[in-house]
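S.K.: First the structure, then my questions, so here it is.
The values are calculated or read from the model by the stated rules, or taken from the named source; none is laboratory data. These numbers were taken from a predicted model, which means no experiment stands behind them. In this analysis, Cβ positions are derived from the backbone assuming ideal geometry, glycine residues included, and neighbour counts consider all displayed protein chains. These area figures cover heavy atoms from the full protein model, side chains too; ligands, DNA and RNA do not enter into them. Shrake-Rupley method; radii C 1.70, N 1.55, O 1.52, S 1.80 Å.
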Amino acid sequence: MRRLFPVTDESAAPDSGGVPGEGAPDGAGREWSLAELAAAYAYPEAGPGGPLPWLRANMVSTLDGAAQHDGRSQPISSATDMRIFGTLRALADVVVVGAQTVRQEGYRPARARAEFAEVREAAGQGPAPAIAVVSASLDLDFSLPLFTSPLVPTLILTGASAAPDRVAAAEKAGARVVTAGDGIGVDPARAVQTLAGLGHTRLLTEGGPRLLGQLVAAGVLDELCLTVSPMLTAGDAQRIAGGPAVTVPQRFRLVSMLEEDGFLFTRYGRS
């Protein structure tokens, strides 16, 4: 990380104790360590009543608003973006992702990383986050490693009306099917509460755009970590969030921003 642009109004930042600002490491001219990144992106501390669910999204967008190029996010990313991507995963209890993104991006199970073993153990977490796939139809390839050989069993969030044969196929593959909606699809607010009930309060979603749009519309997103890629792609690629527009635009506040090689790594929190 070459530069750090701290938020000067400390009251505007979540009470995480680790958001870059006064007293944070001087990132100018050097690459931040993984420990420094983990501190900068720490989840809020638990309150007197215990931890509450905190849903963070991590997305990347080009200057002209494209969330993908040729259907994937990797071409508009960078090595440092992937470093932050790995850090955010390492801090999470569960990674929530849409079924279409699983298919397009070739999702694999989250892996244990020795660099974060002590941090996760101190937080009472297992060796790696679970992956929770949001799918109404369960139209997924259950022969993939995401389902057959994860370090932590993969969760599938679906509605009560999901086809029994697909539920049975998922469970046979080793996935845990969790009902988070009364009908065909998943209710975003119920999904958050259901995951919290399973002990997953540090939530991370990596999209895709359709899922993120649903989370935004439901008002359950607490934080957005957005990488702004210094690229122009034109075309008709999706934005980071799709679906119906919200009635009143939601205002988020800038918590912190890092820069490297023209990429901006921003962090916004609910106002």
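S.K.: Residues ALA245, ALA218, ALA237, ALA196: which one is of a type in the set (A, V, I, L, M, F, W, C) and open to solvent by less than 30 Å² (accessible area, probe 1.4 Å)?
M.R.: ALA196
S.K.: For segment 255-271, enumerate the residues that are among the aliphatic types (A, V, I, L, M) and over 14 Å from GLU36 (Cβ atoms).
M.R.: Those that are among the aliphatic types (A, V, I, L, M) and over 14 Å from GLU36 (Cβ atoms): VAL255, MET257, LEU264.
S.K.: One residue is enough: does segment 100-115 have a residue meeting the conditions at pLDDT below 95, assigned to a loop (DSSP other than H, G, I, E, B), in contact with a Gly (Cβ under 8 Å, 6 or more places away or on another chain) and not polar (S, T, N, Q)?
M.R.: yes
S.K.: Turning to a different aspect of this structure: Considering only segment 122-142, I want to know if a residue exists there that is out of contact with any helix residue (DSSP H, G or I) (no Cβ under 7 Å at 6 or more places or on another chain) and in a helix (DSSP H, G or I).
M.R.: yes
S.K.: Out of the residues in segment 33-53 that are among the small types (Gly, Ala, Ser) and open to solvent by less than 30 Å² (accessible area, probe 1.4 Å), state the one that is nearest to GLY199 (Cα to Cα).
M.R.: Among those that are among the small types (Gly, Ala, Ser) and open to solvent by less than 30 Å² (accessible area, probe 1.4 Å), it is GLY50.
S.K.: How many of the residues making up segment 248-271 are open to solvent by less than 60 Å² (accessible area, probe 1.4 Å) and among the polar types (S, T, N, Q)?
M.R.: 2
S.K.: For segment 152-271, which fully contained strands (runs of 3 or more DSSP E) count at least 3 residues that are at pLDDT below 95, of a type outside the set (Lys, Arg) and more than 16 Å from ALA132 (Cα to Cα)?
M.R.: 252-260
S.K.: I've got another one for you. Which of (1) buried (at least 16 other Cβ atoms within 10 Å of the Cβ); (2) more than 17 Å from the chain's Cα centre (by Cα); (3) acidic (Asp, Glu) does GLU105 not meet, given it meets every other one?
M.R.: (2)
S.K.: Quick check on my filter: what residues within segment 140-168 are surrounded by fewer than 17 Cβ atoms within 10 Å (Cβ to Cβ) and either free of Cβ contacts under 8 Å to residues at least 24 places away in the same chain or farther than 24 Å from GLN193 by Cα (or both)?
M.R.: Matches in segment 140-168: ASP141, SER143, PRO145, THR148, SER149, PRO153, ALA160, SER161, PRO164, ASP165, ALA168.
S.K.: Condition first: out of contact with any helix residue (DSSP H, G or I) (no Cβ under 9 Å at 6 or more places or on another chain) and in a helix (DSSP H, G or I). Now tell me which residues in segment 43-87 satisfy that.
M.R.: Within segment 43-87, PRO75, ILE76, ALA79, THR80, ASP81, PHE85 meet the criteria.
S.K.: Do any residues in segment 56-85 that are surrounded by fewer than 18 Cβ atoms within 10 Å (Cβ to Cβ) have Cβ atoms under 9 Å from those of residues that are of a type in the set (D, E, K, R), where the two are at least six apart or on different chains, and which pairs are they?
M.R.: Sorted first by the residue in segment 56-85, then by its partner, the pairs are GLY65/ARG239; GLY71/GLU105; ARG72/GLU105; GLN74/GLU105; ARG83/GLU31.
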